[in-house]
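Some notes on the structure that comes next.
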Amino acid sequence: LIANNLYRDAFHLDATDAQIARVARLALPLVAATVAGFVISRNIAFVGLLVLAASLLTQLFPTFIFSVFPRRVGNKYGAFAGIAAGTALVIYFAATEQTPADLIPGLPPWLREFNSGLLALAVNALTFLSASTLSKARRQR
């Protein structure tokens, strides 16, 4: 997934299958080491890892929803930017153990308990739409 969708589509469009296989073999230990690092350094239980994985997986939701509209709403640049922004926010919240209330002081009481994954999802959707619009406008010039 990382090798084909991220490496090939975003960075190296003419990558061969052998290069994709090499990137995939290198990415697997890096992802495993990252997960192990979270478990060891943050003392995250298995359930915590499942919650983190679910938060990361939900970052694909805006791209999926916008792709099923009858009229095309976004493009691959918007999808990549949105997923990257949402994922970065999820990782930030997980690594720093902060909440949206810590990030945005003065929130009303009903927003203080706002799930950080939902905030990341909103940032993802806004970034998706913004980047898609900007890249369309740039290509039309």
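If each DSSP helix of 4+ residues adds -39,500 (n - 2.57) and the sum is divided by the residues in the chain, what number results at 222 nm, nearest 500 deg cm²/dmol? Can you show the working numbers first?
Working: 7 runs with 99 residues, N = 141.
Here the helix-only value at 222 nm equals -22500 deg cm²/dmol.
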Practice problem: Compute the length gained on full extension between LEU118 and ALA36: take 0.36 nm times their separation in residues and subtract their Cα-Cα distance, giving the result in nm to one decimal. | Solution: 27.0 nm
Quiz item: With springs only between Cα atoms under 10 Å, which of ILE104, ILE40, ILE83 fluctuates most in a Gaussian network model of the chain?
Solution: ILE104
Quiz item: Stretch LEU28-GLU97 to full length: gain in nm at 0.36 nm per residue minus the Cα-Cα span?
Solution: 22.3 nm
Exercise. Can you send over the carbon and sulfur percentage of the accessible area for the chain, probe radius 1.4 Å, protein chains only?
Key: 68 percent
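Per Stokes-Einstein, at 10 °C and 1.306 mPa s, what whole-number D in µm² s⁻¹ belongs to the range 94-141, with the Kirkwood radius over Cα pairs as the hydrodynamic radius?
Details: Rh = 12.7 Å.
Answer, rounded: 125 µm²/s.
Specify whether the C-alpha gyration tensor of the range 27-108 places it in the rounded, prolate or oblate class, a ≥ b ≥ c being the square roots of the eigenvalues: rounded for a/c under 1.5, otherwise prolate if a/b is larger than b/c and oblate if not. Walk me through the numbers before you get to the answer.
On the way: a/c = 2.51, a/b = 1.41, b/c = 1.78.
It is oblate, given that a/c is not under 1.5 and a/b is not larger than b/c.
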Quiz item: Which order do LYS76, LYS136 take when ranked by solvent-accessible area (1.4 Å probe, heavy atoms of all protein chains), largest first?
Solution: LYS76, LYS136
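Taking N as the number of residues in the chain, what value does Rg over Cα atoms divided by 2.2 N^0.38 Å take?
1.20
The values are calculated or read from the model by the stated rules, or taken from the named source; none is laboratory data. Nothing here was measured: the structure is a model prediction, and the numbers come from that model. These accessible areas exclude ligands, DNA and RNA; they are computed on the full protein's heavy atoms, side chains included. Shrake-Rupley method; radii C 1.70, N 1.55, O 1.52, S 1.80 Å.
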